[in-house]
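The values are calculated or read from the model by the stated rules, or taken from the named source; none is laboratory data. Computed from a predicted model, the values in this text were never measured in an experiment. Using ideal geometry, Cβ is built from the backbone for each residue, glycine included, and neighbour counts are taken over all protein chains shown. SASA here: full protein model, heavy atoms, side chains in, ligands and nucleic acids out. Shrake-Rupley method; radii C 1.70, N 1.55, O 1.52, S 1.80 Å.
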Amino acid sequence: MARGRRVADNGSVASELTLQRVRSDVEVVARAGLDVATFVAELEASLQRAVPHVATCIALIDPATRLLTGTFKFGGLFEDDARDHEWALMEYGGDDSTSFVQLADRHESAVSTWQDTGGDVACSPRLRDFITPTYGYTDELRLVARQGDRTWGGMALF
């Protein structure tokens, strides 16, 4: 069995076999006809095996307006909604190259803030001014889900 690899200082990345299993799990879950809450919980559990993380926020996004319509939080963010308004102001009112809207406009599906900023995460106002001081997380992997050019979801892993 292949051993896990290290990428920069961001922790272990799963073996290729684990990645294949996770892809397969996600495909099965996506076709299972589950309700949204069960689907995102199964998705998050599968992704944890491929990309270890301490917290996750999965967002549903209205494709027409690109505004969030709901969120599901796991790990260190579970049931922590007290500062969602502040997060929304950072996400929609700031100029951050890794916001869900910016990722959609750049036609990128996933990016690490550390990678996007060349290792200077202080360049991200969201991470510098909100995420790190509030939660202590020092990097974020962001993903957008889309069908064609229409973004319908986003995910942040910390």
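Using the Cβ atoms and a cut-off under 13 Å, what net charge is assigned to the surroundings of R66, where Lys and Arg are +1 and Asp and Glu are -1?
Net local charge, R66 excluded: -2.
Suppose the chain between R21 and E86 were pulled fully straight at 0.36 nm per residue; how much longer would it get relative to their current alpha carbon spacing?
Between R21 and E86, full extension yields an extra 19.7 nm.
In whole percent, how big is the carbon plus sulfur part of the accessible area of the chain, probe 1.4 Å, protein atoms only?
Exposed carbon and sulfur together represent 54 percent of the surface.
Compute the signed sum of charges (Lys and Arg +1, Asp and Glu -1) over the other residues within less than 13 Å, Cβ to Cβ, of E42.
Net local charge, E42 excluded: -2.
So which residue, out of E91, E44, E140, gets the largest mean-square fluctuation from a GNM of the chain using Cα contacts under 10 Å as springs?
Comparing E91, E44, E140 in the GNM, the peak value goes to E91.
Where Lys and Arg each count +1 and Asp and Glu each count -1, what net charge lies around D96 among other residues with Cβ under 11 Å from its Cβ?
Net charge in that neighbourhood comes out at -2.
Quick one: if the Förster radius is 41 Å, what FRET efficiency do V36 and Q115 give, using the C-beta to C-beta distance and rounding to 0.05?
Using R0 = 41 Å, I get an efficiency of 0.90.
If you plug each phi of the range 60-69 into the Karplus form 6.51 cos²θ - 1.76 cosθ + 1.60 with θ = phi - 60°, what whole-Hz ³J(HN,Hα) values come out, in order, with x for Gly and Pro?
8, 10, 6, x, 6, 9, 6, 8, 5, 10
Please state, to two decimals, what the Cα-based radius of gyration of the chain comes to when divided by 2.2 N^0.38 Å (N = residues).
Scaled against compact globular proteins, the figure is 1.03.
222 nm [θ] for the chain, helices only, -39500 (n - 2.57) per DSSP H run of 4+, per residue, to 500?
-9500 deg cm²/dmol
Could you do me a favour and compute the accessible area per residue for the range 1-134, 1.4 Å probe, result in Å²?
So the range 1-134 comes to 59 Å² accessible per residue, rounded to a whole number.
If you place +1 on the Cβ of every Lys and Arg and -1 on the Cβ of every Asp and Glu, how big does the dipole about the Cα centre of the range 33-158 come out, in debye to the nearest 20?
Once rounded to the nearest 20, the dipole reads 240 debye.
Just want to confirm a number: the relative contact order over the chain, from Cα pairs under 8 angstrom separated by 6+ residues, in percent.
Once divided by the residue count of the chain, the mean separation gives 20 percent.
Let's test the formula: R0 of 25 Å, r as the Cβ-Cβ distance of A122 and D95. What FRET efficiency results, to the nearest 0.05?
Calculated value: 0.95.
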